[in-house]
1. Out of everything in the stretch 1-39 that is in a helix (DSSP H, G or I), within 14 Å of the ligand (Cβ to nearest atom) and touching a helix residue (DSSP H, G or I) at 6+ places or on another chain (Cβ under 7 Å), what residue ends up being nearest to residue 161 (Cα to Cα)?
2. Specify which of the listed residues (267, 287) is touching a residue at least 40 places away in the same chain (Cβ under 8 Å) and closer than 27 Å to residue 232 by Cα.
3. Check the stretch 262-274 and report whether any residue there is closer than 25 Å to residue 8 by Cα and under 16 Å from the mean Cα position of the chain (by Cα).
4. Hey, could you check the stretch 35-51 for residues that are more than 18 Å from the chain's Cα centre (by Cα) and within 18 Å of residue 285 (Cα to Cα) and say which is surrounded by the most Cβ atoms within 10 Å (Cβ to Cβ)?
5. Do we have residue 275 as touching a residue at least 24 places away in the same chain (Cβ under 8 Å), within 21 Å of residue 126 (Cα to Cα), more than 16 Å from the ligand (Cβ to nearest atom) and surrounded by 22 or more Cβ atoms within 10 Å (Cβ to Cβ) here?
6. Being in contact (Cβ under 8 Å) with a residue 40 or more places away in the chain and within 30 Å of residue 68 (Cα to Cα) narrows it down to one of 142, 108, 101, so name that one.
7. Has the stretch 133-143 got any residue that is closer than 30 Å to residue 78 by Cβ, at pLDDT 95 or above and in contact with a helix residue (DSSP H, G or I) (Cβ under 6 Å, 6 or more places away or on another chain)?
8. Among the residues of the stretch 156-184, write down those that are in a helix (DSSP H, G or I), touching a strand residue (DSSP E or B) at 6+ places or on another chain (Cβ under 9 Å) and more than 16 Å from the ligand (Cβ to nearest atom).
Ligand code: 13P
């Protein structure tokens with residue numbers, strides 16, 4: 001949570017990494033996944049803007065072409081390696097369209113292994129979908145909150161900082177008011193549950209969605225509306241002891257994710273440090289520049305530095321759109 005720095009979420013499962021590679025027509029094989037991540041992690045100077053990188057089981061155990069483990073590359077730059085430990089979602093029976101997150105079995109042993117590999121923080125993602133007036137249900141939110149609390153307890157016991165991520169999904173036609181209502185409810189239940197289960201809130205990071213209208217709603221929210229709704233939500237639900245709050249980009253364009261973060265930071269100091277933890281909004285411009293071609297690696301790394309710098313400025317409320325022609 002260092003000022004002016006953020007986190008790169010490079011923690012796609014192998015299947016999700018394939019969706020990213022498909023955007024530039026590359027096959028989802030281990031070599032392409034390694035090449036892209038090596039490009040990201042070895043980019044010169046990224047430590048100026050990134051304090052952490054979230055990895056996945058296969059990438060925390062992966063190496064550069066020269067045989068250096070990925071977490072060691074990051075640690076040498078002063079970037080803290082993190083690890084996504086949930087194993088994805090499964091249907092919540094009896095609750096149409098709602099899901100719960102799996103991955104608690106064997107978590108103590110997995111944390112011990114990840115700690116040895118260099119991980120010092122972790123991520124667990126719960127998925128909350130807004131559909132009709134009844135969805136999400138309190139049953140779905142509560143079940144996910146309990147799983148997040150159990151994961152957070154086990155992480156803290158292992159000496160690893162838990163990042164808890166209840167992602168309220170942006171896709172849909174809901175209004176910003178409905179997103180605010182659902183996000184507030186989700187965070188209130190989550191923090192009450194974390195406290196009930198005696199999770200140390202000072203040693204925990206919240207990874208949250210921004211509060212904004214669904215991508216299919218005709219009335220798209222302005223950065224100022226999003227900033228106000230998002231901070232109102234946090235003030236209604238996030239205890240002040242919480243170590244920090246980071247945002248996912250959630251399918252917003254890279255530029256929008258940056259502008260919205262900037263608008264939030266412009267509202268001034270809050271009880272918690274707040275910054276970015278983007279995956280798509282950082283990786284997509286880099287991927288588009290790289291296109292899988294070795295001769296493009298240098299340019300792609302410069303693009304990563306640029307996107308990270310713009311978001312670093314945004315986290316301080318200093319992003320100037322008129323001086324940035326690259327983010328789309
Ligand atoms: P996006 O920034 O692409 O939403 O990903 C962040 C993340 O970690 C989702 O779990």
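1. Residue satisfying both the conditions and the ranking: 17.
2. None of the others qualify; the one that does is 267.
3. Checked against the condition, which is being closer than 25 Å to residue 8 by Cα and under 16 Å from the mean Cα position of the chain (by Cα), the stretch 262-274 yields at least one hit.
4. If we take residues in the stretch 35-51 being more than 18 Å from the chain's Cα centre (by Cα) and within 18 Å of residue 285 (Cα to Cα), then 36 is surrounded by the most Cβ atoms within 10 Å (Cβ to Cβ).
5. no
6. Details: 142 fails: within 30 Å of residue 68 (Cα to Cα); 101 fails: within 30 Å of residue 68 (Cα to Cα).
When all the criteria are applied, what remains is 108.
7. No, the stretch 133-143 contains no residue that is closer than 30 Å to residue 78 by Cβ, at pLDDT 95 or above and in contact with a helix residue (DSSP H, G or I) (Cβ under 6 Å, 6 or more places away or on another chain).
8. 156, 182
The values are calculated or read from the model by the stated rules, or taken from the named source; none is laboratory data. All values reported here derive from a predicted model rather than from experimental measurement. Neighbour counts are summed over all protein chains in view; Cβ atoms, including those assigned to glycine, are modelled from backbone coordinates with ideal geometry.
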